[in-house]
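Down below is the structure, laid out as structure tokens.
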Amino acid sequence: MAFIMSETINNPPGPPPTPCFGGIPAFVEINVNGVLFIIQVDCNTVTQIWIPCPTPGFHPFRACYGPDPLGSCPNLLTLDL
């Protein structure tokens, strides 16, 4: 089963979301300055997104799903922003 996971990312970061969830995420939604981007969950795929501030330019985003190194969940979804 695959699903789209939506999570608000704040700067500075807020508390982490619920650490464990069922299913395998296929995509995550990222809202940047009111513009919604859908990022494929794939450790080998980096998506370049144009962000106008604080420094205008393309910024890399990556979502990865794999074993949790701490063992608190079977797997862990990580976002590289």
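The values are calculated or read from the model by the stated rules, or taken from the named source; none is laboratory data. In this text, all values refer to a predicted model and were calculated from it rather than measured experimentally. A quick note on method: Cβ atoms are made from the backbone with ideal geometry, for glycine too, and the neighbour counts reach across all protein chains shown. Each accessible area value is taken on the protein alone, full model and side chains, heavy atoms only, with ligands, DNA and RNA left out. Shrake-Rupley method; radii C 1.70, N 1.55, O 1.52, S 1.80 Å.
Worth a mention:
- Residues being surrounded by 11 or more Cβ atoms within 10 Å (Cβ to Cβ) and closer than 19 Å to Leu77 by Cα - total across the range 33-64: 14
- Subset of the range 11-32 that is open to solvent by less than 90 Å² (accessible area, probe 1.4 Å) and β-branched (Val, Ile, Thr) - its residue that is modelled with the lowest pLDDT: Val32
- For beta carbons closer than 8 Å, sequence separation of 6+ or different chains, a first residue in the range 53-75 that is of a type in the set (S, T, N, Q) and a second that is open to solvent by 60 Å² or more (accessible area, probe 1.4 Å) and assigned to a loop (DSSP other than H, G, I, E, B), the qualifying pairs are Ser72/Pro19; Ser72/Cys20.
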